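Data first, discussion second: the structure below is written as structure tokens.
The values are calculated or read from the model by the stated rules, or taken from the named source; none is laboratory data. Bear in mind that the values here come from a model prediction, so they are computed numbers and not experimental data. When we count neighbours, we look across all protein chains shown, and the Cβ atoms used for this are built from the backbone with ideal geometry, even at glycine.
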């Protein structure tokens, strides 16, 4: 699953990228290309699972991170037809927007003065313009080709695109549209930016850390659109904590600064919540492992996240909840209590399910 980090110049995108990838890099030159990394998501349940099933290793899930150039470059690519960066942004599953509320005078401002709310509005406007360019280009193509090429567009597509254009022209994101299953699937192919789940990180000074909740409330009241969540992080402080090698020392400094939750854990929780994701678990001799999937996924589709052969040859899923394993302490006791159950391919996987997939190919 790909997570794109976007923002205006000097908002702290690359600093946030370093924090989430747990890697301090050299100064990143904004060359018009993206930077790739990995964000590990620690699942503490694997500790117990490893002991319970006597597995050799633990494998935590991860997100792929992309740090993009300043958003103006992305908008320009949509308008000029230079698609390299735009296509990468469109391929992201979730967008993290970062806005500046820190005062460091050594870092030039992208806009005049500090105005995180205004910066968020500017970012949203850029995304709207990208989507509007995509919509208008497609409408123009349909008008040119509809009498030349048979079945050039999907049934209902022109009407739906006009709805999209009207929404965007009202300066509203496409996430506000009430779409049925057919139209949702139709729009999915366009990979519009304002319909994607979005997280806004307010990049604050260390002195504002105690006011984190106030910043979240201000943004929630100002930007009530769907599929958005907000939080505040002092990226500079979090990045400096990466230079400390001792975990206990890091925790002590976080406590002194009033940081309630590790930034990586915080963003991981925001990603799961905003995109409606869950985790299921597996345990074999080689490893206890955690997997991230969309909520509502069937057992057969979940098997495919491990290997396509498992999905293709799916027979049954043997399922026990993690909580039941903890309650009874071991596998044998859970079997004795009848906690394990066999589920078919249509079973909807639940958060914390421990699953053994039976398959044959």
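If you go through region 230-260, how many residues are touching a helix residue (DSSP H, G or I) at 6+ places or on another chain (Cβ under 8 Å) and touching a residue at least 60 places away in the same chain (Cβ under 8 Å)?
Taking region 230-260 first, the residues touching a helix residue (DSSP H, G or I) at 6+ places or on another chain (Cβ under 8 Å) are 230-239, 241-242, 244, 250, 253-254, 257-260.
Retained after the next criterion (residues that are touching a residue at least 60 places away in the same chain (Cβ under 8 Å)): 232-236, 238-239, 242.
So the count comes out to 8.
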*Here is a list of conditions, (1) assigned to a helix (DSSP H, G or I); (2) under 25 Å from residue 274 (Cα atoms); (3) touching a residue at least 40 places away in the same chain (Cβ under 8 Å); (4) more than 21 Å from the chain's Cα centre (by Cα), and residue 124 meets all of them except one; can you say which number that is?*
(4)
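Wholly within region 141-239, which helices (runs of 4 or more DSSP H) include no fewer than the required count, namely at least 1 residues that are under 30 Å from residue 260 (Cβ atoms), assigned by TED's automatic domain parsing to the domain that holds residue 97 and at pLDDT 90 or above? Walk me through it before giving the result.
Details: elements: 157-169, 181-188, 212-222.
Per the criteria, 212-222.
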*Considering every residue within region 277-290, establish whether at least one is crowded, with 20+ Cβ neighbours inside 10 Å, more than 27 Å from the chain's Cα centre (by Cα), at pLDDT 95 or above and assigned to a strand (DSSP E or B).*
no
*Only residues in region 147-158 that are closer than 19 Å to residue 181 by Cβ count as the first member; pair them with residues that are exposed (fewer than 10 other Cβ atoms within 10 Å of the Cβ), Cβ under 9 angstrom, at least 6 apart or cross-chain, and list the lot.*
154/189
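Does residue 89 satisfy the criteria of being under 27 Å from residue 279 (Cα atoms), surrounded by 14 or more Cβ atoms within 10 Å (Cβ to Cβ) and at pLDDT below 90?
yes
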